[in-house]
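The values are calculated or read from the model by the stated rules, or taken from the named source; none is laboratory data. Remember, predicted model here, so these are calculated numbers, not experimental data. As a convention, Cβ positions derive from the backbone with ideal geometry for all residues, glycine included, and neighbour counts pool all protein chains shown.
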Amino acid sequence: MNAGRLASIGGWLRRRAENVAVALLATVFVAFLLQVVFRYLLNLPLGWTLEVSTLAWMWLVLWGAAFIVRPADDISFDILCNVASPRMRRVFDIVSGTALVLLLLVTLPAVVDYVTFMKIERASYIGVRLDVLFSVYVIFVAALVVRFSIRVWRAASGTTHVPAVEASGQTD
Amino acid sequence: MPPDPFTLCLGTIIVLALLGLPVGYGMIAGSLVYLLAAGQDPSIAAEQLLQGLRGSYILLAIPLFIMSAELMNVGSLTNRLLGFCNALVGRFRGGLGHVNVVQSVIFAGMSGSAIADAAGVGRLIIGMMTRDGRYPASYAAAITAASAVIGPIIPPSIPMVLFAVVADASIGYLFLGGAVPGLLMAVALMGVNSLRARQRGFPVEERTPLRAFPGIVARALPPLLMPVILLGGIYGGATTPTEAAAVAAAYALLVSAVVYRDVSLGNVYRAVLASARASASIGVLVGGAMVFNYVITVEQVPRQILALVGADGLSATSFLLMVNVVLLVLGCLLEGITILLVIVPIFVPMAGALGIDMVHFGVIVVVNLMIGLITPPYGLLLFVVANISRAPLLSVIRDLLPFLAVMIGALAFITFVPEAVLWLPRALGYGG
């Protein structure tokens, strides 16, 4: 498979991930509005709206951090990186990325255990099992491992960018 | 002797952050190191983050306020509002700097979060200021961060809601108590801006003729009505701040799409996507703080600090001074909500015992913590504005220092002159 084809698949996947994030934020918003309308205008308080919006917010944060937040959007501390030489910055990326990936991998089994254990509980109004709802954390960790492994690999091999990420159809 | 788990945790966070790892991931990594070193179940990190985000009704205001700002941005609402501010104060030297502060005061009436202010409206005004290189990006970022600090001091305010919860104080009077200090700080910031503008020769905006004013006010009326609707809702006891945030977003969408008809579906999609992206990057930071918060609570860090500073036998004034110093120092290192929820509860009973008024104390604490958002090295707002303006953090900090100085001056003033805070609540029936 050539690089161009890989890039177009990557771009397609990223746009679908963006669709999901937009749907999640829209869910937070609409559920909350419904709550306001039903409580104040119709005097008919709903319980599930608050649950849906907090769960959608939880998903939005972790899904978004996993797939749609670009490196430039990340909130990081850039004082040292700005004064470091490109060579030093690559060392920084390798050290910090390796540390994060190792810590996430070492603790992953315990996290998977916790998430699968939560099948004993269900969300109170919508009745969905918590292991299903919490699975987004495993997705988040897996995506971070992949993302930072790529960052370490690129820094180590000296490639500055890979087309799959560049050709993601960003418009803004 | 092996280093203790908490030292390892703190060391990991500091080193990873310095190496440029996103701060939220650094806090998660440091907390994982702590859990492993202390022999605790590492899944506690996942549990804290998931349950924290899921249980944070108040935090929902963040994505909703960001979205309302983005939606106003897509339509012409914010431009109309900025046009109004511009007609008002743009004629003075450093005009857009003044516009920045005045819009913060107006927007403070709609948003409860400084981060949301900076990420939403701040993005717009930084764009306006740096267009064609009129202002240095670092100055635009610095004044945006400084003026965003005012947001949660003028009601509505999420930090004040949190304080009311931990101190069992009246939220209505706390909100009123923040009004005068907030306006005072706005005036102080505009003073600094005038001074800097004269020194550095910042541009002046075109003077607006008096006869154009009615038109500009009419154009800006829908966005100007927004704070009225929101504060009316909250003060009338009708809506909670988070609900008000949802109403704000709906109002922005309605006005842009139905009244002005200047947004397309594609624009709305892109605005929601940009909001989702901003919400997620801020949410991960808050999530990381929640995990780290667990470590701090387990280690009883607040108690150790108290023992360290020796808080016995103080007068009310020296107690307030000590609280201010401790909070300012902590604010350089920790995120405000963490301090508010973990450390402030220890001070509250002591303040009560010393006869300090809770509304006064609450306003001092919130002003202090908001200043903490812009104190280097760990000021959340600094990261946000540096990120938006793409200016290096170090030059943003340099341009921020004079603003920081007057804000600390304002903090000292309200600490030693309680009447500055308590005058308005008392005039409206507060008995304290």
### Message
Being of a type outside the set (Gly, Ala, Ser), closer than 20 Å to residue B:79 by Cα and part of a helix (DSSP H, G or I) is the requirement here; does residue B:181 meet it?
### Response
no
## Note on the structure
Heads up, the helices (runs of 4 or more DSSP H) in the stretch B:1-115 (entirely inside) with at least 1 residues that are buried (at least 23 other Cβ atoms within 10 Å of the Cβ) and at the interface with chain A (Cβ under 9 Å from one of its Cβ atoms) are B:5-18, B:23-37, B:43-54, B:61-74
### Message
Can you tell me how many residues within the stretch A:39-51 are aromatic (Phe, Trp, Tyr) and either at the interface with chain B (Cβ under 9 Å from one of its Cβ atoms) or in a loop (DSSP other than H, G, I, E, B) (or both)?
### Response
1
### Query
Does residue A:36 meet the test of being surrounded by 19 or more Cβ atoms within 10 Å (Cβ to Cβ), β-branched (Val, Ile, Thr) and either outside any helix (DSSP H, G or I) or more than 9 Å from chain B (Cβ to nearest Cβ) (or both)?
no
### Summary
Within the stretch B:383-406, the residues that are more than 9 Å from chain A (Cβ to nearest Cβ) and under 23 Å from residue B:368 (Cβ atoms) are B:385, B:396, B:398, B:399, B:400, B:401, B:402, B:403, B:404, B:405, B:406
### Query
From the set of residues in the stretch A:24-33 that are under 20 Å from the mean Cα position of the chain (by Cα) and within 9 Å of chain B (Cβ to nearest Cβ), which is surrounded by the most Cβ atoms within 10 Å (Cβ to Cβ)?
A:28
### Query
Where in the stretch A:74-160 are there helices (runs of 4 or more DSSP H), lying wholly inside it, with at least 3 residues that are under 18 Å from residue B:31 (Cβ atoms)?
A:86-117, A:130-157
### Message
Give me the residue from the stretch A:72-121 that is touching a Leu at 6+ places or on another chain (Cβ under 6 Å) and of a type outside the set (A, V, I, L, M) and, out of that set, farthest from residue B:391 (Cα to Cα).
### Response
A:121
### Query
Counting just the residues of the stretch B:118-177 that are among the hydroxyl-bearing types (Ser, Thr, Tyr) and outside any helix (DSSP H, G or I), which one comes out nearest to residue B:95 (Cα to Cα)?
B:135
### Query
Within the bounds of the stretch B:235-244, is there any residue that is of a type in the set (A, V, I, L, M), crowded, with 20+ Cβ neighbours inside 10 Å and under 25 Å from residue A:64 (Cα atoms)?
yes
### Query
Among A:20, A:83, which is the only one that is more than 9 Å from chain B (Cβ to nearest Cβ) and more than 15 Å from residue B:282 (Cβ to Cβ)?
A:20
### Condition check for residue B:416: aromatic (Phe, Trp, Tyr), touching a residue at least 12 places away in the same chain (Cβ under 8 Å) and in contact with a Phe, Trp or Tyr (Cβ under 9 Å, 6 or more places away or on another chain)
no
### Query
Got at least one residue in the stretch B:208-231 being within 14 Å of chain A (Cβ to nearest Cβ) and not in a loop (DSSP other than H, G, I, E, B)?
yes
### Query
For the stretch A:71-86, does any single residue satisfy the condition of being of a type in the set (A, V, I, L, M) and buried (at least 19 other Cβ atoms within 10 Å of the Cβ)?
yes
## Note on the structure
Checked pairs for the stretch B:129-153, first more than 27 Å from residue B:411 (Cβ to Cβ), second modelled with pLDDT of 90 or more and part of a helix (DSSP H, G or I), C-beta under 6 Å and 6 or more apart or across chains, list as B:130/B:137; B:130/B:140
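Matching residues to (1) outside any helix (DSSP H, G or I); (2) at pLDDT 75 or above; (3) under 18 Å from the mean Cα position of the chain (by Cα):
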| position | (1), (2), (3) |
| --- | --- |
| B:276 | no, yes, no |
| B:279 | no, yes, yes |
| B:283 | no, yes, yes |
| B:287 | no, yes, yes |
| B:294 | no, yes, no |
| B:297 | no, yes, no |
| B:304 | no, no, no |
| B:311 | yes, no, no |
| B:314 | yes, no, no |
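Yes/no matrix, rows are residues, columns are (1) surrounded by fewer than 24 Cβ atoms within 10 Å (Cβ to Cβ); (2) under 17 Å from the mean Cα position of the chain (by Cα):
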{"residue": "B:118", "(1), (2)": "no, yes"}
{"residue": "B:128", "(1), (2)": "yes, no"}
{"residue": "B:139", "(1), (2)": "no, no"}
{"residue": "B:170", "(1), (2)": "yes, no"}
